[in-house]
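What follows is a short report on a single structure.
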Amino acid sequence: MTTTAANPAATPQETARSTELFQRAEARTARNYKPLPVVIEHAEGAWMTDVDGTRFLDLLAGYSALNFGHGHPGLLRVAHEQLDKLTLTSRAFVHDQFADFCAELGDLCGKELVLPMNTGAEAVETAIKVMRKWGYEVKGVAPGEAEIIVASGNFHGRTTTIVGFSDDPDARNSFGPFAPGFVMVPYGDLEAVEAAIGPNTVGVLMEPIQGEGGVVIPPDGFWKGLRELTRRENVLMAADEIQAGLGRTGKTFASDHEGVVPDLYVLGKALGAGIVPVSAVVADRDVLGVLRPGQHGSTFGGNPLACAVGLEVVRMLATGEHQARAAELGELMRERLEALVGHGVLAVRVRGLWAGVDIDPAVGTGREVCERLMARGVLAKDTHGSTIRLAPPLVISAEDLAWGLDQLAAVVRGD
Ligand SMILES: *Cc1c(COP(=O)(O)O)cnc(C)c1O
C-alpha cells in the first residue's frame, strides 16, 4: 500500500460533488452528529477515498468496528457467500452458521454460552437484564431492589436506560425519566466500589479501558482488584469490551492485561467487522442460564449473515496474529506520541493500537486539530472537546501509521 497520502489541492470543480453531497446529507438528517466535511465513497485496508478521488488515512476505524480494516478479502468472501445462501431465519428456527459461531466465540472467551444481539447497546441491555435476573433468582435479592454499580465517565450506548447512568450531560440531559437501580462510583477507584456494594448489589458494569471517555486506562491493579472484590462479595462482573476488546489493545480482551476473566463479556463493534452489526453477551451457564424461552430476544440477533461474519472474526482472532500486530504497532505509536508531549500535546494514553491524545488548548480544540488533519489526508475524531482518539485499523502498515503520526505531529507543532 502506498504511503504517499497526497492530497493534491483540488480544484473547485473536483470538490463540487463532495460539497454537494455533504450539504444535501446535512439538510435532511437530524443533527445528532457533526461529521467532518468529507464524503467517502470507497475504502480498502486503512485508506478511504472520497467522491472526488481524494484519499484519507483512517485513524478511527469506525470506533474500532473496523479493526480488520476496510474490505478485508477473507471477511468479504464469507459475507458474499452467506448473502447468496441465507440471511435470516429468526431465532424461531436454527440455521447452519449458529452452532459454530456460538461454540467458537464461547471458546475464545473461555465461556459456556453465547447470547447474540446486534448493536452494542443491546448487548449492554442484555447484560443488565441477565445480572438483575441472576440477582433475584440466584442471589436472592428482594424483587425490584437490584443495584448495578457503574463508573463515572462511562459510555455504554444510547438507550434510555443506559444514558440514565451516564454522567455526560449531552448524553443524558432532557432524556429522562431514567430507570433506577444504578450506583455510580469514580472510575478506577476500587475502594469506592467496595463501599458501594450492598446486599442488593447484583453486578458491576464497567469498561476495562474507557474508549469514548478518551482511552482512559484505570490504575494498575484496579481491574484485577475488581475481579477479586466481586467474587468475594458474590457480585457479577460485566466487562464492556465492545470497544476495548477483540484485539485493539494488543490482547484478545483488555481484561487479559490483568489476567482477568469477567463473569460476562459484553462484545460488539469489531465482532461484525464493519460489515454487519453483531454483538453478544458471553458467560457461563450459571449466569446466562437464568434466561428461559420468551424472556429475551431479538429479531435479527444471531442471524446467518451476522454469524458467518462473526465466526470469521473469531477465527482470525484465534490465531493471535492481529493481537500481536496491535501490540507491535502500538509500541511505534507510543514512541511517536510520547515525543509530542510538551509540544502541543499535554498527555497521551496508549494501550495497544489505541491512544487518547490530550491536545494543548493553545493549539486548538480537538475538532480544529481533526479538521487540520483532514486537510493533510488523515481522518480522526475528537472526543470530549480536547482529546483525539486514535484507533487505526490493526491491518495498517507501519509506514502508513508513521506517516499518519507525522501529520499529527505537524499539526500540533503548528507546522
Ligand atoms: C460503542 C460502544 C457501545 C455501544 O455500541 P452501539 O453499537 O453503538 O450501540 C457500548 N459500549 C462501549 C464501550 C462502546 O464503545
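The values are calculated or read from the model by the stated rules, or taken from the named source; none is laboratory data. Since the model is a prediction, treat every value here as computed from it, not as a measurement. Cβ sites come from the backbone with ideal geometry, for glycine too, and all protein chains shown count toward neighbours. Each accessible area value is taken on the protein alone, full model and side chains, heavy atoms only, with ligands, DNA and RNA left out. Shrake-Rupley method; radii C 1.70, N 1.55, O 1.52, S 1.80 Å.
Structural remarks
- Net charge contributed by nearby residues that have their C-beta within less than 15 Å of L337 (K/R +1, D/E -1): 0
- Rolling a 1.4 Å probe over the protein heavy atoms gives the chain an accessible area of 43 Å² per residue.
- Top of T29, T387, T87 by mean-square fluctuation, Gaussian network on the chain, Cα under 10 Å: T29
- When the helices of the chain are scored as -39500 (n - 2.57) per DSSP H run of n ≥ 4 and the total is divided over every residue, the value at 222 nm lands at -10500 deg cm²/dmol.
- When only alpha carbons are used to place a centre, segment 267-309 and segment 109-176 end up 15 Å from one another.
- Cross-link reach list, lysines versus K133, counting only Cα pairs under 24 Å and skipping chain neighbours closer than eight places: K111
- Accessible surface of segment 73-319, 1.4 Å probe, proportion on carbon and sulfur as whole %: 52 percent
- A straight Cα-to-Cα reach below 19 Å connects K224 with the aspartates and glutamates D189, E191, E194, E207, E233, D240, E241, D256, E258, D263, residues fewer than 8 places away in its own chain not being considered.
- Of the chymotrypsin sites (Phe, Trp or Tyr not before Pro) found in segment 129-201, the ones in coil according to DSSP and having at most 16 other Cβ atoms within 10 Å of their Cβ are F175, F178.
- Anchor K139: lysines whose Cα lies under 18 Å away (excluding residues fewer than 8 positions away in-chain): K129
- Dimensions of segment 73-319 from C-alpha coordinates, computed as largest minus smallest value along each principal axis and given longest first, are 54, 38, 38 Å.
- Most mobile listed residue (P35, P293, P180) in the chain, GNM with C-alpha springs under 10 Å: P293
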